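Report on the following structure.
Read-outs throughout are calculated quantities, based only on the coordinates presented, and are distinct from any laboratory measurement. Just so you know, these numbers come straight off a predicted model, no measurement behind them. All Cβ positions, even for glycine, are placed from backbone atoms using ideal geometry, and neighbour counts span all protein chains on display.
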Amino acid sequence: MKIKRKIIPAISILFLYLLHVNQSCAQQTEIRSIPWGAMYAPLDIMKSYGMTGTITYYRGDGGVKKLFSDLAEARRCRIKLIITLGDVRPSTYADQQGKIDMAKVREELSPFVKISGQLRSYIEDGTIWAIRFMDEPHDPSGLPQGISINTEDLGAVMLYLKQSFGSVRVGSTAPARYMVNVSNADWCFGQYCHRTAGRRGIDPVQFIKEDAALAKKMGMSYVASLNASTNPVDNKTFFETYLAFASIPDVDFLTSWQWQQGRYPSSFEKRITDPSVRSLVTRITQACMRK
């Protein structure tokens, strides 16, 4: 009897401790931090700005080597990647009617399918947030005006990606109004630019809210993007809009086209290094930490 009297309090204390731990873990899992950053941002400098997610690009055997290097760095820095595999141009895969040739798809993705087993751990721990195939299939360059990629064919590509890489989000950089018609796709992409949509009187926040709501209605994740490259607005207006996007509940990943300036009037890199927007950038990091 004495032994029992000693054990019962110990068990009770252990039970209460485990209950407390479980409650703490449950509270932690309710915090949903969304990745944010800019497309093609260099991984080695992202952390200095608090950025936590980017879209990267890989093609061919050389791309495989770069992919593994980037994945190791991203895992170390806890950065989420949407990895673009293969040529993004629709004309690489499609004929003049928008029909996709699956033989061309398999050939282009072959270097990555060969090492798909080595990517599983990065998918499982979330380092690979998603796979991207093809840019703007809804409005592709290199095809006759008014022609878009056949959604049924693109759905077959998405299925091939799932069969090759396992349980991973797959999609294209195209808005919800197009992507919801692509079978097997898991995410949509909406991009706003004040130069185009703004001039037509379309409000940026309302635009993203509506597109994201459509994605969520169909059970898909949503990536919101703000054009940094050809957008004529000043840096303050740009990051105020970016911050507003970060606060939209249906947005799951926040990005911008694009980091480098290249031949374009501006860039995310040029904008974020402006000292006058430092406080706004800090608020973006805070807004992306959701509870």
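Every test in (1) closer than 28 Å to Glu269 by Cβ; (2) outside any helix (DSSP H, G or I); (3) β-branched (Val, Ile, Thr) is passed by Ile149 save one, and that test is (1).
For the subset of region 48-65 comprising residues that are over 23 Å from Met102 (Cβ atoms), touching a residue at least 24 places away in the same chain (Cβ under 8 Å) and small (Gly, Ala, Ser), which member is surrounded by the fewest Cβ atoms within 10 Å (Cβ to Cβ)?
First, the residues of region 48-65 that are over 23 Å from Met102 (Cβ atoms): 48-56, 62, 65.
Filter once more, keeping what is touching a residue at least 24 places away in the same chain (Cβ under 8 Å): 49-56.
Next cut, small (Gly, Ala, Ser) only: 50, 53.
Working: Gly50: 15, Gly53: 24.
Top of the filtered list is Gly50.
Please find, within region 270-291, the residue that is farthest from Gln191 (Cα to Cα) out of those that are assigned to a loop (DSSP other than H, G, I, E, B) and out of contact with any Leu (no Cβ under 9 Å at 6 or more places or on another chain).
Start the filter on region 270-291 by keeping residues that are assigned to a loop (DSSP other than H, G, I, E, B), which leaves 273-274, 288, 291.
Filter once more, keeping what is out of contact with any Leu (no Cβ under 9 Å at 6 or more places or on another chain): 273-274, 291.
On the way: Thr273: 22, Asp274: 23, Lys291: 25 Å.
Within region 270-291, the match that is farthest from Gln191 (Cα to Cα) is Lys291.
Pairs linking a residue in region 278-291 that is hydroxyl-bearing (Ser, Thr, Tyr) to a residue that is part of a helix (DSSP H, G or I) and surrounded by 14 or more Cβ atoms within 10 Å (Cβ to Cβ), with Cβ atoms under 9 Å and 6 or more positions apart or on different chains, are Thr285/Tyr49; Thr285/Ala246.
Criterion first (more than 18 Å from Arg59 (Cβ to Cβ), among the charged types (D, E, K, R) and within 17 Å of the chain's Cα centre (by Cα)) does Arg169 satisfy it? Spelling it out, Arg169 is indeed more than 18 Å from Arg59 (Cβ to Cβ), among the charged types (D, E, K, R) and within 17 Å of the chain's Cα centre (by Cα).
Here Ser110 meets each of (1) farther than 16 Å from Tyr160 by Cα; (2) over 22 Å from the mean Cα position of the chain (by Cα); (3) of a type in the set (S, T, N, Q) with one exception, condition (1). Regarding Ser267, is this residue of a type in the set (Gly, Ala, Ser), touching a Leu at 6+ places or on another chain (Cβ under 7 Å) and either surrounded by fewer than 20 Cβ atoms within 10 Å (Cβ to Cβ) or touching a residue at least 12 places away in the same chain (Cβ under 8 Å) (or both)? No: the conditions fail for Ser267. Counting only residues that are of a type in the set (Ser, Thr, Tyr) and outside any helix (DSSP H, G or I), which one in region 66-105 is surrounded by the most Cβ atoms within 10 Å (Cβ to Cβ)? Result: Tyr93.
Scanning region 151-189 for residues that are closer than 14 Å to Met102 by Cβ and hydrophobic (A, V, I, L, M, F, W, C), we see that the one that is surrounded by the fewest Cβ atoms within 10 Å (Cβ to Cβ) is Leu159. Taking region 106-150 as the range and being of a type in the set (Ser, Thr, Tyr) and surrounded by 19 or more Cβ atoms within 10 Å (Cβ to Cβ) as the test, the residues that pass are Tyr122, Thr127. With the requirement that a residue be under 14 Å from Leu109 (Cβ atoms) and of a type in the set (Val, Ile, Thr), what does region 149-171 give you? Listed by number, the residues that qualify are Val157, Val168, Val170.
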